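S.K.: Handing you this structure, nothing more for now.
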Amino acid sequence: MSGEEASSSSAGSGSGGAAIQYDYNSNISKHERSSNHNKPPMFNGDPEMFSWWKTKMYSHIIGMDEELWDILEEGDGNLRLDEEGVALDRKAHTTEQKKLYKKHHLIRGILVTLPHKEYLKMSDKSTAKAMYTSLCSNYEGNKKVREAKATMLVHQYQLFRMKEDESIECWNKGVSQVTY
């Protein structure tokens, strides 16, 4: 049904108003419209984009299967894996262990879609959890580093003052740098 047909059919239906057309895809970039939503979000190695990627990856993985995220955070239980993540005693696994092993490799497969440079940083890890933890440590630091960064930012914010000869636009840029 074209836009004109929609307007004339709703106007003639006695509803008392004209139909208003809205393109819901107009606010979505061409890349986002054409992208395959089954693909995991890509991380380009930019430290500024890691938090965004991590949030998108969480949503992607939870959307696939909640247990996958649990494997990523908690590990793969008692599976015995070699240094490349291959089960040492796969034939001796119970049905539940085989299911877990399959999910472990699914999540590991998602992580290895990272750019080669990023993959090399964590390729020595055998489990999906170790790979993810390594990646997070590289970009977020450990708990002490994160606490130190937060303390430093709070201190910078507390010391931040507008100079007498500074324009509001320049001051606002400075605030944005401290707060983002």
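All of the numbers you see were taken from the coordinates with simple rules; none came from a lab. All values reported here derive from a predicted model rather than from experimental measurement. Positions of Cβ are generated from backbone atoms using ideal geometry, with glycine treated the same way; all protein chains shown enter the neighbour counts.
S.K.: Could you give every pair whose Cβ atoms fall below 8 Å, whose first residue belongs to the stretch 65-84 and is in contact (Cβ under 8 Å) with a residue 60 or more places away in the chain, and whose second residue is in a helix (DSSP H, G or I), counting only separations of at least 6 or pairs across chains?
M.R.: 72/61; 72/107; 72/128; 72/129; 72/132
S.K.: Does residue 106 satisfy the condition of being aliphatic (A, V, I, L, M), farther than 21 Å from residue 50 by Cβ and in contact with a Phe, Trp or Tyr (Cβ under 8 Å, 6 or more places away or on another chain)?
M.R.: Considered against the rule, which asks whether it is aliphatic (A, V, I, L, M), farther than 21 Å from residue 50 by Cβ and in contact with a Phe, Trp or Tyr (Cβ under 8 Å, 6 or more places away or on another chain), residue 106 comes out as no.
S.K.: Let me ask you something else. Of everything in the stretch 136-171, what is farther than 30 Å from residue 118 by Cα and not in a helix (DSSP H, G or I)? Give them in sequence order.
M.R.: The answer is 160, 161, 162, 163, 164, 165, 166, 167.
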